[in-house]
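Structure first, commentary second.
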Amino acid sequence: MQKAAIERNNETIAAQLTPVGRETVQDRVYSELRRALIGGLFEPNQVLTIRGLADALVTSTMPVREALGRLITEKALEALPNRSVRVPPITLERIDDLLRARSLIEGEAIALAATRMSQRQIAAIEAMLGEWDEMRALKHKKDIDREATLNQSFHFEIYRCCGSAVLIPMIESLWLQSGPCIRVAIYAFSDAGEVDTAHYHRRIVAALASQDAQAAREALVADISRPFAFLRDKLQATKELI
């Protein structure tokens, strides 16, 4: 009797739910392009064509077109008249808007994480700093892709500890829009020989290790403000879009 009741209940539930299919090619294309944008693998003002992306991803143009449509809706890309798209250029208004939003939202996330991170999680982000030092020691100054990936991994390892399921997708959206800006700054800092990002990340780790939420927030804002300040100065000096 109990087994029959369970089967009837399962049939009722099945009738009310839509079957979940496998991940589509479009989903995989979207995920890969999204990963590239968040990681700063595309540059501001860079033009992307549907055919070029389809060839690079070894797929047809249809899933690429649909994925690009989603990214345009999310303000990560802009549509151009010739059916191509571009990464949005850097403007003073965009810089200020992104920095303000990131400081507020990511600042709150790291403040929450500061009181929740375990010693094991602290050790994980410290290990990332060690990997960063190894990369720098090899003097691969132009390994920008690796540097951008490490930077993203470091930040999101912390944010995932904040305990908020709402904040994470908001942060991902902001990184989707600001990733290309950060890539430009990484190039410039590398060429100028400036103190690298690991210096700022160590301040963040120290604050997290002491569970000082305010210090963690301040260290984070200092870290993410630096590239935006550089881009603002460069934009004001050249009076041109980056």
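Per-structure values
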read-out	value
Gain in span if fully extended, D145 to V47, counting 0.36 nm per residue against the direct Cα distance	33.4 nm
Per residue accessible area of the range 92-238, 1.4 Å probe, in Å²	46 Å²
Protein accessible area in the range 92-238, 1.4 Å probe - carbon and sulfur %	54 percent
Backbone HN-Hα couplings from phi across the range 226-231 [Karplus 6.51/-1.76/1.60, Hz, Gly and Pro as x]	4, x, 5, 5, 4, 5
Potential extension, D233-H199 segment - 0.36 nm per residue separation minus Cα distance	10.1 nm
Backbone N within the range 93-134 under 15 Å of label point (7 Å from S225 Cα along the Cβ vector)	96-108
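The values are calculated or read from the model by the stated rules, or taken from the named source; none is laboratory data. These numbers come from a predicted model, not from an experiment. Note that we place each Cβ from the backbone using ideal geometry, even for glycine, and neighbour counts take in every protein chain shown. Keep in mind that these areas ignore ligands, DNA and RNA; they rest on the heavy atoms of the full protein, side chains included. Shrake-Rupley method; radii C 1.70, N 1.55, O 1.52, S 1.80 Å.
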